[in-house]
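Shown next, in C-alpha cells, is the structure this report addresses.
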Amino acid sequence: MNAYVTKVYEGLKARNSHESEFLQAAWEILSSLSPVFDKHPEYEKLGLLDRFVEPERIIQFRVPWVDDKGQVQVNRGYRVQFNSAIGPYKGGLRLHPSVNLSVIKFLGFEQILKNSLTGLPIGGGKGGSDFDPKGKSDTEIMHFCQSFMTELYRHVGADVDVPAGDIGVGAREIGYLYGQYKRITGLYTGVLTGKGLTWGGSLARKEATGYGLCYFLGAMLRKAGKTAEGKRVVISGSGNVAIYACQKITQMGGKVVAMSDSNGYVVDENGIDLSVIKQIKEVERGRIYEYAKRVKGAVYTEGCRGIWTVKCDIALPCATQNELDLEGAKALVANGVTAVAEGANMPSTLDATSYFLDNGILFAPAKAANAGGVAVSALEMSQNSQRLSWTFEEVDGKLKGIMENIFAHVDAAAEEYGTPGNNVAGANIAGFLKVADAMVAQGAV
Ligand code: NDP
Ligand code: 2IT
C-alpha cells in the first residue's frame, strides 16, 4: 500500500473511529487508489488525499414537526456537502431510522466518484434524517418535509446543491420539499431532482437507476461473451431501484424469481409478476408478504438475508448497505451465480466483495452500476436550465449511452492500473482521476 495513502487512512480512522460505514467505504476507495498515488507522488505535497477525505461542509440540524395526535416530534437532519470540484453538490436525501452521520458521509463519499463517472458536471453530497416514514400519514410526511426544508433551503440551490430521492424519499416527498422551498424563496428553480412530470421532472428519472443498472450489467456481460437471456435473477429490495431493475432485466430476457423487503422475501418460480409488486409497494405502500397471498405458487419466507440462498445466475442487491455479507456471497457462489451487480449503495460487505472477485464472479460495484439515477438527475437539471422537456426515448437513450460509457472507462482504468477485470478498482480510479485533476487545477481549496 502506498505510504501516503496509508498515512491518510490511519488519520481518518483515528479521527472518525466511531463511523464504521464511512470508514468501510473509505477503505475500499483508498486501497484501490494506491497505484494512482504511486504514479503521482506530487499529489502528497498538494495534500490531495487529505482534502479529498474531508467533507467541504457538514450541516446538521433539528427537525421539529407535529404528528397527527398534536404531539411535537424531533428528528435530526443532515446534509454533507462533500466535494464541489467538478460541479454543484448532487446526491439524494435518505429518510430511514438507521440514518446517522456515518451513513450520510459514506453515501456522500461514494457519490463524489459516482457522479464523476457519469461524465456530467456534478459534485458529491448526501443528506437525510433518522425520521421513519413507515406508518406515517401523508400529513405527517408533509409536516416533516416542510420542517426539513425550512432549514435546508438556505444551504441548497440550482447552482449550489441539488438534492434528490434515496431510501424513503420518492415523488411524494420531493413534492412536499419542493413546495416548501418555493414558498420560502419565491423561486421556481431546479433545486431538487426527481420532481413530478408536470412540474419540472424528467421522463425516465423514476426508472433510471434500475434501468441503468441493467444497462451496465448488459455491457459487463457482453464483454464476457454472455447475455441476460434465459438467466435466473434474484433482486433484493422492492423499492424504486429494485422495481425498475426487475422491469428492465425482464425485458432483457431474464427471469426474476425472488424479491424482498426488510421483513422477508418472496420466491415465485413462474417469474415475479411486477404489476403485483408495483400495486403493493407503489400504490398501497404495503409489505411484500402480500405478494404470496395474491399470487398462486409464490412462497414467502420471513427474514430478508435468506434471499441469497435462492439459486440464481445473476444477483442484483437493491435494498441497502451491508445487506450481502460473506455468508450470502458464499451461498450465491455455491449455487453458481455468474454476475453480481449492485443497485444499492455498498450492499456488499468488504469480505463479500473480495469473495466475489477471488472467485471470478463478474462484479459491478455500486458507484458505477447504480450511477444511472444521478445521471438522469443531471439530465433533469439540463432540461430545467433549458426550460425544455425531452422525450422518454431521448432520456433513456442518453442513459444507456452513459452507462455503457461508464463500463468502458471502468474497464479501461482497471486494465491500465494493473488489475484487469476488477471493476471495483477501475471505478474508484476512473472516478477519482477526474476529481483529482479539477482539485489540482483549482488550487488548495
Ligand atoms: P426505496 O425506499 O424505494 O426502497 C428501499 C428498499 O430497500 C425497500 O424494499 C426496503 O424495504 C429495503 N430496505 C431499506 N432498508 C433496509 C434495511 N435496513 N434492511 C433491509 N431492507 C431494507 O429506496 P430506493 O430503491 O431508492 O433505494 C434502494 C438502494 O438504492 C439504496 O441503497 C439507495 O441508496 C440506492 N440508490 C438509489 C437511487 C435512486 O435513484 N433512488 C440511486 C442510486 C442508488 P422496507 O420497505 O421494508 O424498508
Ligand atoms: O445514491 C444515489 O445516487 C441517489 N440516491 C440518486 C441521487 C440523485 O441526485 O439523483
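Within segment 413-429, track down each residue that is aliphatic (A, V, I, L, M) and either surrounded by fewer than 18 Cβ atoms within 10 Å (Cβ to Cβ) or more than 20 Å from LEU46 (Cβ to Cβ) (or both). Listed by number, the residues that qualify are ALA413, ALA414, VAL424, ALA425, ALA427.
Yes/no matrix, rows are residues, columns are (1) within 16 Å of ligand 1 (Cβ to nearest atom); (2) buried (at least 22 other Cβ atoms within 10 Å of the Cβ); (3) part of a helix (DSSP H, G or I):
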position: LEU332; (1), (2), (3): no, yes, yes
position: VAL337; (1), (2), (3): no, yes, no
position: ASP351; (1), (2), (3): no, no, yes
position: SER354; (1), (2), (3): no, no, yes
position: GLU380; (1), (2), (3): yes, yes, yes
position: LYS400; (1), (2), (3): no, no, yes
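Summed over segment 356-378, the residues that are surrounded by 23 or more Cβ atoms within 10 Å (Cβ to Cβ) and either under 10 Å from the mean Cα position of the chain (by Cα) or on the phi > 0 side of the Ramachandran plot (or both) give a count of 9.
Would you please name the residue that is farthest from the chain's Cα centre (by Cα), looking only at residues in segment 201-228 that are of a type in the set (Gly, Ala, Ser) and more than 14 Å from ligand 1 (Cβ to nearest atom)? Only one residue fits best here, namely GLY225.
Scanning segment 153-174 for residues that are touching a residue at least 24 places away in the same chain (Cβ under 8 Å) and either assigned to a loop (DSSP other than H, G, I, E, B) or away from ligand 2 (no atom under 14 Å from the Cβ) (or both) yields TYR153, HIS155, VAL156, GLY157, ALA158, ASP159, VAL160, GLY165, ILE167, GLY168, GLY170, ARG172. For segment 263-284, enumerate the residues that are among the polar types (S, T, N, Q) and either under 21 Å from ARG172 (Cα atoms) or within 25 Å of the chain's Cα centre (by Cα) (or both). Passing the criteria: ASN263, SER275, GLN279.
For segment 201-222, a residue qualifies if it is crowded, with 21+ Cβ neighbours inside 10 Å and either at positive phi or not in a helix (DSSP H, G or I) (or both), and the qualifying residues are GLY201, SER202, ALA204.
Considering LEU203, LEU221, LEU213, which residue is within 16 Å of ligand 2 (Cβ to nearest atom) and in contact with a strand residue (DSSP E or B) (Cβ under 8 Å, 6 or more places away or on another chain)?
Criteria check complete, one pass: LEU213.
THR309 falls short of the stated requirement of being hydroxyl-bearing (Ser, Thr, Tyr), modelled with pLDDT of 95 or more and within 16 Å of ligand 2 (Cβ to nearest atom).
Is it true that GLY124 is under 30 Å from SER17 (Cα atoms), modelled with pLDDT of 95 or more, within 11 Å of ligand 1 (Cβ to nearest atom) and touching a strand residue (DSSP E or B) at 6+ places or on another chain (Cβ under 7 Å)? It is false that GLY124 is under 30 Å from SER17 (Cα atoms), modelled with pLDDT of 95 or more, within 11 Å of ligand 1 (Cβ to nearest atom) and touching a strand residue (DSSP E or B) at 6+ places or on another chain (Cβ under 7 Å). Condition check: within 11 Å of ligand 1 (Cβ to nearest atom) and out of contact with any Asp or Glu (no Cβ under 7 Å at 6 or more places or on another chain). Does LYS182 satisfy that? No.
Give segment 62-75 a look and list any residue that's within 17 Å of GLU173 (Cβ to Cβ) and not hydrophobic (A, V, I, L, M, F, W, C), or say none.
Residues of segment 62-75 within 17 Å of GLU173 (Cβ to Cβ): 63, 65, 67, 73, 75.
If the condition is that a residue be within 17 Å of GLU173 (Cβ to Cβ) and not hydrophobic (A, V, I, L, M, F, W, C), then ASP67, GLN73, ASN75 are the ones that fit.
Considering only segment 109-120, I want to know if a residue exists there that is surrounded by fewer than 23 Cβ atoms within 10 Å (Cβ to Cβ), under 20 Å from ILE402 (Cβ atoms) and within 16 Å of ligand 2 (Cβ to nearest atom). Yes: segment 109-120 contains one or more residues that are surrounded by fewer than 23 Cβ atoms within 10 Å (Cβ to Cβ), under 20 Å from ILE402 (Cβ atoms) and within 16 Å of ligand 2 (Cβ to nearest atom).
Answer with yes or no whether SER137 is touching a residue at least 40 places away in the same chain (Cβ under 8 Å), away from ligand 2 (no atom under 13 Å from the Cβ) and crowded, with 24+ Cβ neighbours inside 10 Å. Judged against the criteria, SER137 is not a match. Scanning segment 161-199 for residues that are β-branched (Val, Ile, Thr), buried (at least 23 other Cβ atoms within 10 Å of the Cβ) and in contact with a helix residue (DSSP H, G or I) (Cβ under 7 Å, 6 or more places away or on another chain) turns up VAL162, VAL191, THR193.
Against the list (1) among the small types (Gly, Ala, Ser); (2) assigned to a helix (DSSP H, G or I); (3) more than 18 Å from SER238 (Cβ to Cβ), the condition GLY373 fails is (3). Taking every residue in segment 1-30 that is under 18 Å from ASP351 (Cβ atoms) and pairing it with any residue that is part of a helix (DSSP H, G or I) and of a type in the set (Asp, Glu), at least 6 positions away or on another chain, the pairs with Cβ-Cβ distances below 7 Å are ALA25/GLU110.
The values are calculated or read from the model by the stated rules, or taken from the named source; none is laboratory data. Since this is a predicted model, take the numbers as computed values, not measurements. Every residue, glycine among them, receives a Cβ derived from its backbone with ideal geometry; neighbour counts consider all protein chains shown.
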